[in-house]
Every structure is written in C-alpha cells, then in structure tokens.
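Structure, as structure tokens:
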C-alpha cells in the first residue's frame, strides 16, 4: 500500500496511511479522494471503442480508480435490487462479449482482458443504491466463463449467468432498518466510501489466499495465482460493528456502571418496579464491569477465521492519543487444526511469524506478555484449564495492561471428551477476571473478550448477550451480531446439511448383555452400558466398514469433480481403531478392482487423543505422522478418509469434505458443530451427505431438533435467578441439617490442614 513510483526523478507514493508515528495524519490528509459524476468510460482495442457506458459515480484515490456505483431513484419506480443490479450485470456481459470477440483464444497472458475489462474487474467493489437499499458485488470477474461459454455456444439466453451474479450481489446491512431514508444512504456510503473505510480496504480487507505448505519446517505459499479474499457485505459489517463498539468501550472505560445506566435509559416507558428488578438482575452478571465482552453468532462455514483475522489486524493497529490501545491481541484456539488454520490465514494476510508468538504453556504465556510481539496465539489444547495460565500472578500483571481475547469457538471439550453442554471458554475467561480481587483492585484498563460461535447456549446468551426487549416480564438476550445458518444457506454460502441425511440401519451382530445390566435401575445408565456394547461390537464394525468402503469408491470420491473427501466420527477410541483396521482391509481389497485404481493413493487417517498408556498412539497408526502433518496431508490429498473420535468436530475447515459417516450419537450444540464439517461450499460442490449408522438412527431426529434451535438467531429467555431462589432454600436446609452441624467443621479442618487423616475418619 505504501509502494512508490518514480516519474522524472520524483518519487510518488501511491497512498499515505494514517496514524504515522511522527506525522500522525498529516500525510494521510494529503491523499486525494475524488468522485466523478457520469464519467464516460470506453473499452478500446487498437484505439477503437468497442463498448462504452457512463457510471453514475466513479471513485478515485490519488488518481487511481477504485470503484463505481449506479444510482436508482425510487421516485421513478426503479430500485437498486431490480434495475441497478441488472444494469451492472448487462454492462459487464456486453463488455465481456466484445472482449471475447477480440481475444478469442489468443489472450493467454490476459493482457487484453486486464486493460479492456479493468473498470469491472479492478474495482474493490461495484455498488448500486437507491434511497432504501445498497447492493455490493466484489467478484464479478468470477462469471466471465459463463458469458464466454454462452457466446461460444451461440446461445442468446444469459439468464443463468444473471441469476448467478444476482446471488452474489448482496444487500449491505444496516444497523437499523427503520431510520430515515437519507440516514440509510449516509450510513452505507460512509461504510463503503469514507476515507477511513477506503483505507481499511487497502490495509486489511483484501488479500490473496494460497495453499500453505510446510517445507523443512518452514511455511511457504504454493506458487499459484491464488484467490482474492475480500469481505462479504455481512462480514465487513460485522467487523466494522465490532470496531465501533470498541470505540464506545474505550470512551467509557472508567465508568463501570455505564452499560447498566444505558440499559436503564433503554427501558424508558417501563414501570420503575420492573425496571429496578431487571437492572438488579442484570447487574449480578457483572457483564462489562471488570472486563468487556461481545458474543457473536456466525454460521459455521461463513468465514469466521477471516473475520477474526481482519479484526485482529485492526485491533493491533488501533491507536488512541498516539499510543496503541491494546498491548496484546490474543487469539484463543482449542484445537491443533484451528491453530494451524489461523496460522495459515495470517500467513496469507502477510503477517509473518515474527509478528506473532504462540503460548504453549504458562512459561511461554508469561514470555509472550513480556515480549514486544503483540499478537499471541494461545493454544488451549496445551493447557488443562484457562485458570492454569491465568493465575493470580498473571492476572496481577494483566491489571496494568489492556488485552483483547478473540475466541475462535467459545465451546471447548472437557479433557478431550465432547459432550452436549461443552465448557464455555467465555465463562472460564470471565470468571478468572471476576474472581480475582487483586486484578479488580489494581486495574485501570479493561480487557476485552470477543467470542465467536455458531451455537450460543442459553446460559451464555443470558450472561454475555445483548438486552433486546422487555415485554410482559420476559427478558430476551441476543448475540451482539449474528449471521445465522439459515441466512448463510439462503445466501448460498453454506450447504443445507439436512437435505443430505441418509439413515442406514446397521445390522446388529450382538446380544444385549442382560447380566451386566442386572440390578441397574437407572434407564440412562442401562442405555449407556448397552451403547458401549453396540458401538464397539466387532461384527457390526466389520459390516459398516464394508459399507463405508463401497460408498467411498462408488459414490463419494467421484463427487466434486473427483476430489471429494470423507470423515467417520466414532463413539470411542477402541471402535475407531477397529474401524481403521477393517476399512484398510476392505479398501485394499476394493483396489484390486481396476475401475477404482485412481483412488488407490487416498489415505485413511485416524485422529484422537486419550490416555497414551492405555491406548495405542494415533501417530503409530498413521505411519509415524504427527497430527499436524496428518491434517496438512489430508488438506493436500485428492481424496481421503479421516476417522475421528471427539477431535475435529469443531472448527475443522476442509471445503472438499463431502460425506460425514456417523457411528456415534450427537445432539444439541455437538450435533450442529459436527454436521457443519461438511456444509462448506467450494467449486463444483453442490451437496453434502451425512450417513447415519446410530442405533435406531436417533441422530436423524437429534440433528433436526438441534438445527431448528440453532439455525436462526438464537435468543434466550433463560432466567437463572429463579434457580437462585431454589439454591438458597437448599443451602439453608443444608446448614440447618444435623449432619452439617456435626460434620462440617471436622471436614473443613481436614481439607485445610490435611495433616491427620484420623480427623477425616472420625466423620
């Protein structure tokens, strides 16, 4: 962005960024931002005009073209949605047809195209607006092949091309749809064309994404053209909304009751008694009091990693009074694959490994705090709990700093075992700060937690969500910002996993172990014992393995133009190991059939973690490959199967993962996180499959129920204060009980002193 060109001995900079250490915005203000109305544009070849048009507004920065916009008047019965979009679509089509006529097959280096179509293909975005709505497209160049093929085939119907571009031409969101028309126009044009937002487009919002490979332990970008990554309207809106909210946080940082007082004003018109009751209850959450927090609900597959990357870069550079606002930007990840994914994302964003440091244990975490490197990746998989690195000593150190934590999935597993109510990293972080009296006495700055998830639980929303409305005594909490699975599916960003559920009734080659269940009256306990027998039954695993291999070679691997992959999620390490053994056996047998020979190099990997003394190491089953190397190889291979137990069911991002085989039971948050592994879109992928082998196919209903709950904006009327009253009653009953009065002091003494075990036996 700060490159220069020399003209007749004079060095000219293309752009001056703001916030210079010495000159602040002096040079930034010398940038020339200009807009020209109805500027004639001519597409020429050999100085002959082949196509021309006059965009309503054309935007330049220091004389360099950046964007154009078509305006439509609602008063003339025209709209941006209908007339504006079709104007841009038709202009690009007509220009492309003229280009194809000229270039034919003689433009291998794209030189003619780069010049002829530059007004369309070099724009950071092309917008169309009326007094109500604004639509934005950034990637219109992706559709030239549709035009080219239509023209070469002699077809005159371009409706298929038009529909594709319309799908990509998205409406830009508004903070409030009910504001005045002129305010809508001002808000959107400020977000897209203000000086600071144009600067963000240059510094942050556009980068070339290439595959990252590891060569001799050094990450390198594959030598390929790559793909331009720029924010979808909702992604940019979300990041900008976060940054605006942070400005509000910083402005009122020393007023701990600012948001409570603000809520009081928001409840204007509500009776004083009800208002006081709500304020009292909200105050008990301590939200935004000792540490700020924002909860964001974004659909899995929407591009959460990009949002985290763009946010982290802007937070790193954010200044106030010529000082960096945040001492550290900490990205919290809970999986090796998530950590590697973030790492690769930053590498593509030109953040080399000197600009960030990884905290793997308490010592490296403390070193990260002391270092000048401001971006820190905290790999939670290396820690048992958050409290294991946020000790009193560390919290005391943090009391003099301002740190932002970005959590790349607020739900984490408990000791490697996922369950329906996964531990919330959000809660763990907040509790660590709230419970430290030293931190709260000494702090003069406030840290910030940004938590991202597709599946916020009721309790997380009630604690960290935003107040939405108050009606008939009902408290409603919502995420700070959201882009739901339902919206992402409708907009074509992710696939609908419900359409691909295939229930398979697996044959049961076992008898229920009645002798083991004898005397067990708890139905859940009975079922859990029976399930272990069902899902680890060897004959059953053999039969399913044969089915999986047949499905892989006959169907799955042929999808996505022959580049599809699959995942098998199992219920235990024992069953996963058996599956690997039998799938490899049947796969080797299938490869003897010549028609499947092209799939012979497709790997079969297994990933799990557990007690290494009790289990075979996964490394030994993967020919000595580490988990990191397995995931890298799986990303690079053409086809393949990866067998998992509880790993990779959150955050595993492999767009060519087409089929998920389920031989375990999932529900709730876990169900959505797991099925979202296959809902990513990529070129030539128009479906995903979930093949369910669960006992009595219970997953079919479980997935539908979870999807119904989490597919839209998740709201919560969860009220823990009714439970608080019950707990108070139980607590009072406990203290008044004779057992408590007789035994508690002795029990307490034992736990404090721990020097005479006989004291404990006396109880």
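FYI, it's all coordinate maths here, none of it is from the lab. Note that the structure is a prediction, hence the values are computed from the model and not measured. All Cβ positions, glycine included, derive from the backbone under ideal geometry; neighbour counts span all protein chains shown.
Modelled label-to-label distance, residue 145 and residue 372, 7 Å Cα→beta-carbon offset: nm?
Between residue 145 and residue 372, the label points sit 4.7 nm apart.
Calculate the spin-label point distance for residue 107 paired with residue 260, positioning each point 7 Å from the Cα along the beta-carbon direction, and give it in nanometres.
For residue 260 paired with residue 107, the spin-label model returns 6.5 nm.
Can you give the percent of C-alpha pairs in the range 1-121 whose distance is more than 23 Å?
That fraction is 50 percent.
May I ask for log10 I(q)/I(0) of the chain at q = 0.07, 0.08 Å⁻¹, from a Debye sum over the Cα atoms as equal point scatterers with solvent left out?
Values returned for q = 0.07, 0.08 Å⁻¹ are -0.61, -0.80.
So what's the back-of-envelope 222 nm ellipticity for the chain, counting only DSSP H runs of four-plus at -39500 (n - 2.57) apiece and dividing by all residues, rounded to 500?
Rounded to the nearest 500, the figure is -12000 deg cm²/dmol.
Could you list 561, 85 in order of exposure, starting from the residue whose Cβ has the fewest other Cβ atoms within 10 Å?
561, 85
Determine which residues of the range 283-322 fall in the zone a paramagnetic label at residue 496 would reach in this model, i.e. backbone nitrogen under 14 Å from the point 7 Å along Cα→Cβ.
Taking a point 7 Å out along Cα→Cβ of residue 496, no residue of the range 283-322 has its backbone N under 14 Å.
Bin width 10 Å, origin at 0, all Cα-Cα pairs of the range 32-200: what percent of pairs per bin?
With a bin width of 10 Å, the distribution comes to 9, 36, 35, 15, 4, 0.
Any chance you could run the full-extension gain for residue 270 through residue 629? It's 0.36 nm times the residue separation minus the Cα-Cα distance, nm to one decimal.
Using 0.36 nm per residue and subtracting the Cα-Cα distance, I get 123.4 nm.
Go ahead and collect, in residue order, the members of the range 101-132 whose backbone nitrogen is under 19 Å from a label point 7 Å along the Cα-Cβ direction of residue 78.
126-132
Find the relative contact order for the range 78-204 and round it to a whole percent, using C-alpha pairs within less than 8 Å whose residues are 6+ positions apart.
25 percent
What does DSSP give for the chain in terms of the percent of beta bridges that are antiparallel, rounded to the nearest 5?
On the way: 45 of 99 bridges.
Rounded to the nearest five, the antiparallel share is 45 percent.
In degrees from 0 to 90, rounded to the nearest 10, what is the angle of the helix 627-636 Cα long axis to the longest principal axis of the chain?
Once rounded, one gets 30 degrees.
Efficiency by 1/(1 + (r/R0)^6): what FRET value for residue 687 and residue 122, r their Cβ-Cβ distance, R0 = 45 Å, to the nearest 0.05?
Between residue 687 and residue 122 the formula returns 0.85.
Output the 0 to 90 degree angle, nearest 10, between the alpha-carbon long axis of helix 304-317 and the longest principal axis computed from the alpha carbons of the chain.
80 degrees
Could you give the nm distance between label points at residue 595 and residue 581, where each point is 7 Å from its Cα heading toward the beta carbon?
3.2 nm
Would you work out the relative contact order for the chain, in percent, from Cα pairs under 8 angstrom that are 6 or more residues apart?
It rounds to 10 percent for the chain.
Roughly how tilted is helix 425-434, in degrees to the nearest 10 and between 0 and 90, from the longest Cα axis of the chain?
70 degrees
Give, in nm to one decimal, the length gained when the segment between residue 617 and residue 638 is fully stretched (0.36 nm per residue of separation minus the Cα-Cα distance).
Here the answer is 5.0 nm.
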